[in-house]
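Heads up, the thing below is written out as structure tokens.
The values are calculated or read from the model by the stated rules, or taken from the named source; none is laboratory data. Remember, it's a predicted structure, so these values are computed and weren't measured experimentally. Here Cβ is always computed from backbone atoms with ideal geometry, including for glycine, and neighbour counts include all displayed protein chains. Accessible surface areas use protein heavy atoms only, side chains included; no ligands, DNA or RNA. Shrake-Rupley method; radii C 1.70, N 1.55, O 1.52, S 1.80 Å.
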Amino acid sequence: MSAAQGLVVGVDVGGTFTDIFVLDEAGGSARVVKVPSTRGEEARGFMNGIARVADGADAIATIVHGTTVGTNALLERKVARTGIITTAGFRDVLEMRRRDRPQTWGLRGNYEPVVPRDLRLEVEERVLADGTIDTPVNLAQVEAAARQLLEQGCEAVCLFFVNAYANPANEAQAAACVRALWPNGNVTAATEVLPEIREFERCSTAVLNASLQPVVGGYLTRLEADLKDNGFGGELLVVQSNGGVMSRQTACDVPVRTALSGPAAGVIACAAIARAAGFLNVVSGDMGGTSFDVSLVADGEASLSAQTAIDFGMVVRAPMIQIETIGAGGGSIASVDAGGLLQVGPESAGSVPGPACYGRGNTRPTVTDANVLLGRIAAERPLGGGLLATMDVALARAAIEEHVAKPLGLDVHAAAEAILTVANAKMAGAIRVVSIERGHDPRKFAYMPFGGGGALHVCAMMNEVDAARGIVPRYPGVTSALGCVMADMRHDGVQTLNVALAALDADDLLARIDGLALACQERLDSAGVSFEGIRESIELDMLYVGQSHTVRVEVGRDELNRAGIGAAFQRAYRAAFGRSLDGIAVRILNLRYARIGQRPKFDLALLAPTSTAMPDALGTQPVFHGGQWHDAVRYARLDLPVGAEVAGPAILEQPDTTIWIEPGFAGQVDFLGNLLIARQAS
């Protein structure tokens, strides 16, 4: 079934809410739904949301899912018990890492590998760096190791052989041996996930993949069964951390690619919204209940990185949208440390028990409590998705008074504003990491907040980083779900070349590219989705001889020769470092290939306001800002017509978020329904 024959539904399951965006292109309409998430039973919250968007799941053609199941499992270390079968002498690769430490300036640091040492078993085999098989794999030892791991209660196993990237034959034989006796499909061969040089990154990525297979695979399998029981016969797709989507089966095979799935979808939506509104350079900030996720879009494209660390020592080497995450969400807890300094986060009250104003037992103040006490969130308004009917201002006041105001000797409202000042400073620091520290001037970028809490801080962030413009999307609270609907299907492949540019065989390189293209296309075809077009991306990891870190060089097929690749490398190196190193030989380390199936796009004008008259204000609300009280005018944001202007101080309310426009700022509704915020002329 194609998207034109039914509804296309994007679903983002977060820690507090499950957000759903429904696109009915045939009917020319779109709508959003927000329901409470069910922690530990994410599929139930998912199905509750689906029941709200359609009379029956048979009316849905495609569901695209952004999931945090894998990410949360890694962060909380609630992964499957996993074993490793590896080359003799390489049992401790996972533990040795890269000689890094949790705190840069700390003298001590603890690290606990995902797989304990007694579950890391060695077997005889050896492949040399040039691909020569020095020692064939001892399959009897492999079988014995697999049986031992099963006896020790392992649900999954990873096979990691050193130098298998140069020749995977030994590893492939061992994997076949293990799969013949392993009771489930949770067997990962490292080169099937990452056939790339550098043993720690390959081992870490493969081990994390294996440990997630029972978790993510089990969740998606149960979810698909529930959907089918409710009549769903369409395609279930899953968002990858690179911003593309993949089939449910691919997600079960390589669940490590779902890390940061939800935030990645949000960045894709931000890039599309900004392009449509006429902004090619934008910094996005996703503020949820626990975290603040920041990413940068330059020239209309999200920035990708080759690897990331989910937590200290948990390295995933796979294409991912560059996202900087800090503990600064609505539920982040404020406290005064032993030195008398006010801290906000990273500990969070989450959704259960939630901020003190939720009345669910938490007595410590959070960012949400500060916003409620200062009048920026109307406590009597229902919290989106039916989570709460009202919030208790008295409980927020008591928490801030006890834990912040008294220790610092401040008035309770000044203490609440101090909490927001510290939180804003932390969020601005994350914005500087993705902009200034990577060579971008944030003054040349617009700032786009999303998530449930982002729009409350849009003006503060503009002040902190001196952004000229703020862009609040039409539905900030469900932007990640919108991104699920907008994302293309994408598959990536990588091969290590490790060859001098001067010795490159262009015909061999083209053959390798064609091989990766075929494998990626097979993955696209297996999803059963029709595409409007296919495009590809070819990149080379390159460096000067003597260097250890590479530069990613994008090349076109017409540049696949020594001269073309050399010129592309010099351009990329100068762009990154401001100069080139003439006279030094150049090497190509890795070939990276991506094949993108372009899914049908919808016109963002579907989200535009239909009203033409300026609505009446809902009234005024006292808001504490800058050390004094202001009467802020209140509007229902979704009732504002195109062209409407609202000057601060003002509060714009909608089911999925609240927007706080500070004094000295004004917002105007553009032709797509976005709210463009700028400083007022003094």
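Long-range amide H contacts for N590: which residues qualify at under 5 Å (H placed 1.01 Å from N, peptide plane, sequence gap of 5 or more or a different chain)?
Answer set, sorted by chain and number: L497, N498, D541.
Roughly speaking, to the nearest percent, how much of the chain's 1.4 Å accessible area is carbon and sulfur?
Carbon with sulfur: 49 percent of the solvent-accessible area.
With a 1.4 Å probe and all protein chains left in place, how much accessible area per residue does the chain have, in Å²?
Per-residue value: 40 Å².
Using the Karplus curve 6.51 cos²θ - 1.76 cosθ + 1.60 with θ = phi - 60°, what ³J(HN,Hα) values do you get for each residue of the range 475-489, in whole Hz, with x for Gly and Pro?
Here the 3J(HN,Hα) series is 10, x, x, 10, 4, 5, 5, 4, x, 4, 5, 8, 5, 7, 7 Hz.
What FRET efficiency comes out for the pair T610/D58, r = Cβ-Cβ distance, R0 = 35 Å, nearest 0.05?
FRET efficiency, T610 to D58: 0.75.
Quick one: which residues, 5+ away or cross-chain, put their amide H under 5 Å from the amide H of A259? H built at 1.01 Å from N.
Residues meeting the amide H criterion: S241.
Answer with one residue from M542, Y573, A481: the one whose Cα lies farthest towards the positive end of the charge dipole of the range 468-600, charges on Cβ with Lys, Arg +1 and Asp, Glu -1.
A481
For the range 94-224, what class follows from the C-alpha gyration tensor (a ≥ b ≥ c being the square roots of its eigenvalues): rounded when a/c is under 1.5, otherwise prolate if a/b is larger than b/c, else oblate?
oblate
Where a ≥ b ≥ c are the square roots of the eigenvalues of the C-alpha gyration tensor, would you call the range 75-160 rounded, which needs a/c under 1.5, or, failing that, prolate if a/b is larger than b/c, or oblate?
Because a/c hits 1.5 or more and a/b fails to exceed b/c, the range 75-160 counts as oblate.
In terms of modelled amide H atoms, which long-range or inter-chain residues lie less than 5 Å from the amide H of L672?
Residues meeting the criterion, in which the H sits 1.01 Å from N, do not exist here.
Please work out the FRET efficiency for the pair A144 and R99, using the Cβ-Cβ distance as r and a Förster radius of 41 Å; give the result to the nearest 0.05.
The formula returns an efficiency of 0.80 here.
In terms of solvent-accessible area of protein heavy atoms at a 1.4 angstrom probe, what is the ranking of S303, S29, S530, highest value first?
Highest to lowest solvent-accessible surface, that is S530, S29, S303.
Need one word for the range 394-434: rounded, prolate or oblate. Basis is the Cα gyration tensor (sqrt eigenvalues a ≥ b ≥ c); a/c below 1.5 gives rounded, then a/b vs b/c decides.
The shape class here is prolate.
I'd like the distance separating the alpha-carbon centroids of the range 631-682 and the range 196-243, in whole Å.
What the calculation gives is 40 Å, centre to centre.
Taking the Cβ of S580 as the center, what net charge do the other residues with Cβ under 12 Å away carry, scoring Lys and Arg +1 and Asp and Glu -1?
Here the charged neighbours net out to +2.
Given Cα pairs under 8 Å that are at least 6 residues apart, what percent is the relative contact order of the chain?
12
What are the ³J(HN,Hα) couplings of the range 320-327, residue after residue, when phi is run through the Karplus curve with 6.51, -1.76, 1.60 and θ = phi - 60°? Round to Hz, x for glycine and proline.
Karplus values, whole Hz, x for Gly and Pro: 9, 5, 5, 10, 9, 10, 10, x.
Counting only other residues whose beta carbon sits under 11 Å from that of G89, what net charge do I get with K and R as +1, D and E as -1?
Net charge around G89: -2.
Provide the per-residue ³J(HN,Hα) series for the range 530-543, in order, calculated from phi with Karplus coefficients 6.51, -1.76, 1.60 and θ = phi - 60°, each as a whole number of Hz, with x at glycine and proline positions.
Values per residue, Gly and Pro as x: 8, 10, 7, x, 10, 9, 10, 10, 10, 9, 10, 7, 10, 7 Hz.
Given the C-alpha centroids of the range 493-563 and the range 338-385, what is the distance between them in whole angstrom?
That distance is 48 Å.
Subtract the Cα-Cα distance of F200 and D631 from 0.36 nm times their separation in residues, and report this length gain in nm to one decimal.
The F200-D631 span can extend by a further 149.4 nm.
Write out the GluC sites (Glu not before Pro) in the range 499-599 meeting two conditions: DSSP loop, and at most 13 other Cβ atoms within 10 Å of their Cβ.
E532
Sort the following peptides by mean Cβ neighbour count (other Cβ atoms within 10 Å, averaged over residues), highest first: 342-350, 243-251.
Averaged packing, sorted descending, gives the order 243-251, 342-350.
Given the Cα-Cα distance of Q668 and H549 and 0.36 nm per residue of separation, how much length would full extension add, in nm?
38.3 nm
May I ask for the angle, rounded to the nearest 10°, between helix 562-577 and the longest principal axis of the chain, with both axes built from Cα atoms and the value confined to 0 to 90°?
That helix lies at roughly 40 degrees to the long axis.
Report relative contact order for the range 432-520 in percent, whole number only (criteria: Cα-Cα under 8 Å, sequence separation at least 6).
23
Give, as ranges by residue number, the residues of the range 158-174 whose backbone N falls under 19 Å from the point 7 Å along Cα→Cβ of I133.
Hits in the range 158-174 for I133 at 19 Å: 159-174.
Relative contact order for the range 468-581: what percent, with Cα pairs under 8 Å and sequence separation of 6 or more?
About 19 percent, as a whole number.
Quick check on packing: order 282-290, 267-275 by the mean number of other C-beta atoms within 10 Å, highest mean leading.
Ranked by mean Cβ neighbours within 10 Å, highest first: 282-290, 267-275.
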